[in-house]
Amino acid sequence: MTRKRETHDLLPLTPLSFHILLALAGGDRHGYAIIKEMERKTGGAMRPGTGTLYAAIQRLLDDGLIEVSPDRPNPEADDRRRKYYRLTAFGRGVAAAEAQRLRRLVHLAAEVDLVPRLVTGSDESRS
Amino acid sequence: MNRREDRGDPPISLRRLHRLLIRVAPHRFRAEHAHEVDRTFSELERDVYRAGGYPKLLLFWSGELLDLASALLRLHVNERRLRFSQPDDPATGYTHKHTRQGTMAALISDLRRALRIVRRGPGFVVAAVLILGIGIGATTGAFSVVQAVILSPLPYPDAHRLVMAWRTLPQFGWNRAPVSYPNFRDWRERTRTMEAMAAYAGWFPQTIAGPDGPEQVQGALATPDLFRLLGARPLLGSVFESDTGDDRFVLLSHGLWTRRFGADSSIVGRPIRLGEESYTVTGVMPPDFAFPNEEYELWLPARSVAAAEERGSNYLQVMGLLSPGSSIEDAQAELETIVAQLAEAYPETNGGLGGGGVWLEARHAFVVRNVKTVLWVVLAVVALVLLIACANLAGLSLTRSVARHRELAVRAALGAGRARLVRERLLESGWLAVMGGGLGAALSFGLVRLFIVFAPPEVPRLGEVAVDPPALAFTAAVALACGLLFGSLPALVSSRIDLQGALREGGRSASLGRGRHKLIRWLVASQVAVACTLSIGAGLLANSLVRLMSEDPGFDARNRLVAQISLPESRYPEPAQVQAFFESLLARAEALPGVETAGMTFSIPLGTAYASGTYTVEGQPWPAGEEPLIGLNPIRGDYFRTMGIGLIRGRGFTSEDRGDAVPVAVVNATMANRHWPGEDPTGRRFKRGAADSDSPWITVVGVVEDVKREGPGSEVNPEAYLPHGQAAWASSMFVVLKGARDVEPLVRPLREAVWESDPALPVTNVRALEELLHESLAEPRFRALLLGTFAAAALLLSAIGVYGVLAFSVATRAREIGLRMALGAERSRVLGAVVLSGLRLAAIGVAAGLLFATAAAGVLDSMLFEIEPLDIPTYAAVALTVAVVAALASYFPAVRASRVAPIEALREE
């Protein structure tokens, strides 16, 4: 049912969308858990309001990057009606492409000495 | 289950409001996410409350409300894009590049439209921005003050565990009695519920020599633990580690250090002279250390007083830090036991009259004790103002949305989506919010500055007062949410309902539905009611202020200069030396050019020095132990004439009334009337202490008018003036100079006159008496100003409300009015009818307001002076003022109505 789409059509992602994908890459989560995960990863720097978060979730659902997960990771502890979201294969691809794009940007920055050596060093050794 | 018990859930939740606002979202979003958004919101709300308490919660709420507004906007944009773009992608339903441009174009056109609307109705915009600004500004300003002074914890580590421990003397009705050092030491040694205990005492002024002559600075005594409890570290050096006075240590404030010692850091460890003694500086405190308040500039060990080791010498205030596991009740119970044990062990000092109980209160409660009521009243008043502002905005938005009903209906009929219409409303509210919020922020900063300038010195923690960003964000969000709710919901509703009907009806002119019209009138009437209530409160306070200002304090303050001179015991140990010093100083002061008369007194009105004791009147026995108190005031020279205190009977003192002559006194009218009513008190005798005391009989030689010692409105107690020659204990006296004109030029000559006889003496508390009198009214003046400001804001807001309703009704009835005028109605009658309808609205409000006021005025009772809470003239004046304001507010729409040109009104068809 899906037409062949290029992941690059959707780049660049907004920081919020990218963070949602990052949070879901670590496992299926509901909205509250996504916020918490985001806060943890960014040390509190990223804290979207609930309205903004769900507007973004809606958009990611529309774009087919994420979907509502049929599984309940922990059915005992959670309200049955809670919605968990998970990354689609396409979403994973888009997130990876975004990460690649960011890495290239860091490279460019490193070339003009905007990034400490350590980062570029490890980056080069991996590639 | 027990979540509520561990204080996990916030006491107030905005979940319902949030849920209500989500309803503005597009249908698809609501169906899919409303439940999740709601759950997430409430979980975050709980988290935030647990982590940061209610200030964080306010911040969170305002963030969420604003976020929701912008998210709703975005959702509607998305929705539109989905619907109108070409579905060339079966999976997503749209292509991105294409729609992004389309969205931007739509958004820009909407923004333009919103701006145009704002431009088209400047009256509405000005009114809305004013309402928002005043509401946000006043509420934020007042809340910031309450937040800083009352709500926020004291700026010490573990401030919530700090308590004050007082001795109580129930027989004297005394709750906060000081504690002696030995008792404090025993409390500290025996307590288990408190982690640490410290003691301090204020009011130990010290003399420091300096380039401009000796200066007196305020000092406090403290135990070393005090600085630890307050989490204060010295900027330089260290705090003294012992509390004996023998070591002669001193800690300097940052201010004193910079002022007197040129911020010289080598001062630590060096000796400095305080009065006659030499003290070693152990450290300098940082600039923000102000304890007990900003007046204090140096600290000495707690036992630097002579009688420190006497158990009966009570001079310390005790502060404790509760151990983490104990409550204030535990500590109270424990200290009661300790106090009882001590009373048994030391019956002479700790039993009987010197005994009594012990009372613990939170340090915070102690600090805010005097201002709590006033500030809570202010907060309640401010909440009312915010309420008026919201009601006003709601009313205005409602009328406006109805006025635009037809336009909206037409555009809906032409295919504009609901989303688009809603988005427009949101953008429009957004413009208003930005402008209103800006004005409100500016106002709140101004109001807080005003508060700091005008606040009486009794208000604690003034240094901590600043605009509270969470409060600003919260009030802005509340006002905005209110505007959004009332501004966009009607748009939603109106774009949903039957277009044909709206168009048909709107073809004539928009009109309010009956129900809505009523609602708006009620909103306006209740605003008038609240404004009326507040104005009555302000009127009562202003009225008592005027009465206080015109009250005769019993002395004449004009052109009087006062200054205090205190002789140190070390250099003036003999009473004869004290007498000789003041006698020669008085002679010198009288001879100063520009001085008409001069006198001296131990206790100046409006000052703090005061001596009192028990007394017994000859022939009027009193039960032993219950003798009344009398104020004793040694004076010298022509004090009564200098102060303008009238002599009613008998004589003043002469140079004959010396130490070796018969003891004499001049009493005040209150004392004369109490003991010798209708008789001549001269020649009568009284003595200090009980009937069997061995102090000598004092003969009354004169009676003077009462002096309101503590300022206008204060009570007058029996008072006796004594000749200084017969009251040698007074080694600290105020010089009073009566000048012909301005007394400012007398300051320097007076100082020099003092230094001529003793160059090491500081001349302190140099003030114009008139200034002191003015300051004594700072508190009532402040209260009247505060309530007056808010009443004015409320009145202005409700006037805008009345204006808004009438302007709208005139606009919508233009055709009807035109028709009437075409049929011969006179301009003046049209004018009168509109003003009358405004007055009718106001009348309901005023009636309700008067009722509220009679019920609420009791709160002010303790702040009123010589005026009843139900003072009829005040009520009448306020009712009249409100009526005049309402009439003015209706006048402009009325004029517009009377200028309706009949032809044009009809042609508009």
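The values are calculated or read from the model by the stated rules, or taken from the named source; none is laboratory data. Source: prediction; values computed, not measured. For neighbour counting, all protein chains shown are included, and Cβ atoms are generated from backbone atoms with ideal geometry for every residue, glycine included. Quick note on the areas: whole protein, heavy atoms, side chains included, nothing else; ligands and nucleic acids left out. Shrake-Rupley method; radii C 1.70, N 1.55, O 1.52, S 1.80 Å.
A compact table of results
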| read-out | value |
| --- | --- |
| Formal net charge of residues neighbouring B:Val239 (Cβ-Cβ distance under 14 Å; K, R +1; D, E -1) | -2 |
| Low-density loop cleavage sites - trypsin sites (Lys or Arg not before Pro) in region B:846-909, where at most 12 other Cβ are within 10 Å (DSSP) | B:Arg899 |
| Helix-only CD estimate at 222 nm, as mean residue ellipticity for chain B, using -39500 (n - 2.57) per DSSP H run (n ≥ 4) | -17500 deg cm²/dmol |
| Under 5 Å, built H, 5+ apart or other chain: amide partners of B:Val358 | B:Thr168 |
| Cα-based convex hull, region B:769-850, per residue volume (Å³, whole number) | 121 |
| Accessible area buried, both sides summed, chains B and A with 1.4 Å probe, Å² | 2700 |
| Inter-site label distance for A:Glu67 and B:Lys372 at 7 Å from Cα along Cβ, in nm | 6.2 |
| 1.4 Å probe, heavy atoms, protein only - residues of region A:52-73 losing at least 50 Å² accessible area vs chain alone | A:Thr52, A:Tyr54, A:Ala55, A:Gln58, A:Arg59, A:Asp62 |
| Phi-based couplings in Hz for region B:823-837 (Karplus 6.51, -1.76, 1.60; Gly and Pro marked x) | 8, x, 5, 7, 3, 4, 6, 4, 4, x, 5, 5, 4, 4, 5 |
| Residues of region A:22-38 buried by at least 40 Å² on assembly (accessible area, 1.4 Å probe, chain alone as reference) | A:Tyr32 |
| In region B:613-701, the trypsin sites (Lys or Arg not before Pro) that fall in loop regions by DSSP, at most 16 other Cβ within 10 Å | B:Arg651, B:Arg658 |
| Contour excess over end-to-end distance, with Cα ends at B:Glu656 and B:Ala576 and 0.36 nm allotted per residue | 27.2 nm |
| Distance between modelled label sites at B:Ser757 and B:Ala856, nm, 7 Å Cα→Cβ extension | 5.8 |
| Cα-Cα over 31 Å, subset of B:Lys56/B:Lys518; B:Lys56/B:Lys372; B:Lys372/B:Lys687; A:Lys83/B:Lys56 | B:Lys56/B:Lys518; B:Lys372/B:Lys687 |
| Cα centroid separation - region B:656-734 against region A:89-114, whole Å | 93 |
| Whole-angstrom gap from region B:9-64 to region B:218-253, using each part's C-alpha centre | 49 |
| Charge dipole (debye, nearest 20) of region B:306-350; +1 at Cβ of Lys and Arg, -1 at Cβ of Asp and Glu | 120 |
| Residue (of B:Met821, B:Gly804, B:Val885) at the positive-pole extreme of region B:786-909, dipole from beta-carbon charges | B:Met821 |
| Average accessible surface area per residue within chain B, 1.4 Å rolling probe, Å² | 45 |
| Cα centre as origin, Lys/Arg/Asp/Glu Cβ charges: chain B dipole, Debye | 7100 |
| Pairwise centroid distance, computed over Cα atoms, of region B:779-824 with region B:548-572, Å | 51 |
| Cα-Cα P(r), chain B, percent of pairs per 20 Å interval | 11, 32, 30, 18, 7, 0 |
| Per-pair calculated FRET efficiency, R0 = 35 Å: A:Arg101 and B:Arg411 via Cβ, rounded to 0.05 | 0.25 |
| Whole-percent carbon and sulfur share, accessible surface of chain B, 1.4 Å | 57 |
| Qualifying chymotrypsin sites (Phe, Trp or Tyr not before Pro) for region B:620-716 [loop in DSSP, other Cβ within 10 Å: at most 14] | B:Trp697 |
| Residues losing 20 Å² or more accessible surface upon assembly, region B:32-48, compared with the chain by itself, 1.4 Å | B:Glu32, B:His33, B:His35, B:Glu36, B:Val37, B:Arg39, B:Thr40, B:Glu43, B:Leu44, B:Asp47 |
| Averaged over B:874-883, number of beta-carbon atoms from partner chains that fall within 10 Å | 0 |
| Spin-label model distance (nm) - B:Ile328 vs B:Glu348, 7 Å beyond Cα toward Cβ | 3.7 |
| Theoretical FRET efficiency, 1/(1+(r/R0)^6), r = Cβ-Cβ of B:Glu596 and B:Ser695, R0 51 Å, to 0.05 | 0.90 |
| Of all DSSP beta bridges in chain B, antiparallel share, percent nearest 5 | 75 |
| Residues B:Leu880 and B:Arg30, FRET efficiency given R0 of 41 Å [Cβ-Cβ distance, rounded to 0.05] | 0.20 |
